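Chemist: My questions all concern the structure below.
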Amino acid sequence: MTRLLKKLLTICFLFSLIVFPQACKDKVASVDTGPDDEVAVLDTDYGRIVWEFYPKDAPNHVATFKKLIRDHFFDGTAFHRIDLVSGVIQGGDPNTKTKPNDPATWGMGEPNQPKIKAEFNDHSNVRGAVGAARSGDPDSAASQFFINIRDNPGFDQPGNQYTVFAHVIEGMNVVDIIANAPSDKTAQFPRPLERINICKAYLVKRDQLSKLQDPSASCKP
């Protein structure tokens with residue numbers, strides 16, 4: 001074997017050590033968020049709410065919430081918080097479905113899955129933004145979400161920041177109806193006095209929205 005060939009083989013070997021581990025790392029780091037034109041549809045007792053996702057800015061949140069929707073996790077849950085002081089309505093707690101007669105537990109439930117690490121980004125908590133609810137730990141998001149009913153710049157501040165992973169593109173009128181429903185304003189986290197269901201949540205391509213059936217069909221007994 002010539003000296004030149006040995007040098008070429010050595011260079012190729014060293015190059016592979018640099019390139020291929022990085023390629024593997026990139027492959028592991030990638031997250032399958034599904035089609036970019038896929039939107040979330042929530043049929044509620046008061047009408048339909050549609051979200052558009054931010055897969056490039058909050059990929060882990062988008063992938064997690066899409067999986068929960070595909071698994072019908074949100075079907076039959078309820079909005080458990082109407083907070084005009086904080087300017088949000090909140091849902092996504094499995095306890096609202098598994099413990100429907102124990103409202104004291106609503107807001108404390110979560111799915112059996114790893115928590116979602118924070119993915120703070122340039123999307124602000126403006127009216128219509130959908131954020132991931134969490135505890136004091138920034139990396140504690142699970143399945144609960146909130147929809148901003150007004151601009152909430154305080155939720156964008158370091159130390160009090162919440163990940164925005166989607167925004168409402170249809171149905172802000174429904175969000176407003178839910179926000180104005182009678183609620184127990186004496187509670188720390190005000191609950192609606194009458195149950196407000198998410199009858200069904202599902203994913204569709206954005207260009208298929210006009211072909212969907214009346215949302216009230218999902219909420220019929």
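Chemist: In this structure, does Ser135 turn out to be among the hydroxyl-bearing types (Ser, Thr, Tyr), within 26 Å of Gly47 (Cα to Cα) and either over 18 Å from the mean Cα position of the chain (by Cα) or in a loop (DSSP other than H, G, I, E, B) (or both)? Write out each step before concluding.
Modeler: Details: among the hydroxyl-bearing types (Ser, Thr, Tyr): yes; within 26 Å of Gly47 (Cα to Cα): no; either over 18 Å from the mean Cα position of the chain (by Cα) or in a loop (DSSP other than H, G, I, E, B) (or both): yes.
No.
Chemist: OK, next. Is it true that some residue in region 66-83 is among the small types (Gly, Ala, Ser) and within 14 Å of the chain's Cα centre (by Cα)?
Modeler: Quick first cut of region 66-83, residues among the small types (Gly, Ala, Ser) only: 76, 78.
Now narrow it down to the ones that are within 14 Å of the chain's Cα centre (by Cα): none.
No, region 66-83 has no match at all.
Chemist: Looking only at region 46-87, which residues are assigned to a strand (DSSP E or B), under 22 Å from Gln208 (Cβ atoms) and touching a Phe, Trp or Tyr at 6+ places or on another chain (Cβ under 7 Å)? Spell out how you get there, then give the answer.
Modeler: Taking region 46-87 as the starting set, the residues that turn out to be assigned to a strand (DSSP E or B) are 47-53, 77-78, 81-83.
Remaining after also requiring under 22 Å from Gln208 (Cβ atoms): 47-53.
Phe53, the sole residue that qualifies.
Chemist: Next question. Assess whether Asp93 counts as being buried (at least 19 other Cβ atoms within 10 Å of the Cβ), modelled with pLDDT of 95 or more and not aliphatic (A, V, I, L, M). Give the derivation first.
Modeler: Numbers: buried (at least 19 other Cβ atoms within 10 Å of the Cβ): yes; modelled with pLDDT of 95 or more: yes; not aliphatic (A, V, I, L, M): yes.
Answer is yes for this residue.
Matching residues to (1) at positive phi; (2) crowded, with 19+ Cβ neighbours inside 10 Å; (3) basic (Lys, Arg); (4) touching a Phe, Trp or Tyr at 6+ places or on another chain (Cβ under 8 Å):
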position: Ile147; (1), (2), (3), (4): no, yes, no, no
position: Pro158; (1), (2), (3), (4): no, no, no, no
position: Tyr162; (1), (2), (3), (4): no, yes, no, yes
position: Gly171; (1), (2), (3), (4): yes, yes, no, no
position: Ile177; (1), (2), (3), (4): no, no, no, yes
position: Asp184; (1), (2), (3), (4): no, no, no, no
position: Arg191; (1), (2), (3), (4): no, yes, yes, yes
position: Ile196; (1), (2), (3), (4): no, yes, no, yes
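Chemist: Same structure, new question: So in region 147-168, with the set limited to residues that are outside any loop (DSSP other than H, G, I, E, B) and in contact with a helix residue (DSSP H, G or I) (Cβ under 8 Å, 6 or more places away or on another chain), which one is farthest from Leu203 (Cα to Cα)? Walk me through it before giving the result.
Modeler: Initially, region 147-168 is screened for residues outside any loop (DSSP other than H, G, I, E, B), giving 147-148, 153-156, 164-168.
With the extra rule that they be in contact with a helix residue (DSSP H, G or I) (Cβ under 8 Å, 6 or more places away or on another chain), the set shrinks to 147-148, 165-166, 168.
On the way: Ile147: 18, Asn148: 21, Phe165: 15, Ala166: 13, Val168: 14 Å.
The selected residue is Asn148.
Chemist: Return the pair list, or none, for Cβ contacts closer than 7 Å from residues in region 130-158 that are farther than 15 Å from Ala179 by Cα and touching a residue at least 60 places away in the same chain (Cβ under 8 Å) to residues that are basic (Lys, Arg) and outside any loop (DSSP other than H, G, I, E, B), at least 6 apart or on different chains.
Modeler: Sorted first by the residue in region 130-158, then by its partner, the list stays empty.
Chemist: Please identify the pairs in which a residue from region 56-78 that is closer than 25 Å to Lys99 by Cβ has its Cβ atom under 9 Å from the Cβ atom of a residue that is among the small types (Gly, Ala, Ser) and part of a helix (DSSP H, G or I), counting only partners at least 6 apart or on another chain.
Modeler: Going by the 9 Å Cβ cut-off, the qualifying pairs are Asp75/Ser218.
Chemist: Do you know which residues across region 88-106 are assigned to a loop (DSSP other than H, G, I, E, B) and either closer than 27 Å to Val204 by Cβ or in contact with a Pro (Cβ under 6 Å, 6 or more places away or on another chain) (or both)? Steps first, answer last, please.
Modeler: Taking region 88-106 first, the residues assigned to a loop (DSSP other than H, G, I, E, B) are 92-94, 99-102, 106.
Selection gives Gly92, Asp93, Pro94.
Chemist: Checking Val41 against (1) closer than 22 Å to Lys117 by Cα; (2) outside any helix (DSSP H, G or I); (3) in contact with a Phe, Trp or Tyr (Cβ under 7 Å, 6 or more places away or on another chain), which test does it fail?
Modeler: Single failed check for Val41: (1).
Chemist: Ala63 - would you say it is within 28 Å of Asp122 (Cβ to Cβ), at pLDDT 95 or above and not polar (S, T, N, Q)?
Modeler: Working: within 28 Å of Asp122 (Cβ to Cβ): yes; at pLDDT 95 or above: yes; not polar (S, T, N, Q): yes.
Considered against the rule, which asks whether it is within 28 Å of Asp122 (Cβ to Cβ), at pLDDT 95 or above and not polar (S, T, N, Q), Ala63 comes out as yes.
Chemist: Checking Ser143 against (1) touching a helix residue (DSSP H, G or I) at 6+ places or on another chain (Cβ under 6 Å); (2) not hydrophobic (A, V, I, L, M, F, W, C); (3) not in a loop (DSSP other than H, G, I, E, B), only one condition comes out false. Which one?
Modeler: Looking at each condition in turn, Ser143 falls short on (3).
The values are calculated or read from the model by the stated rules, or taken from the named source; none is laboratory data. Bear in mind the structure is a predicted one, so any value in this text is a computation, not a measurement. No Cβ is skipped: glycine too gets one built from the backbone with ideal geometry, and neighbour counts run over all protein chains shown.
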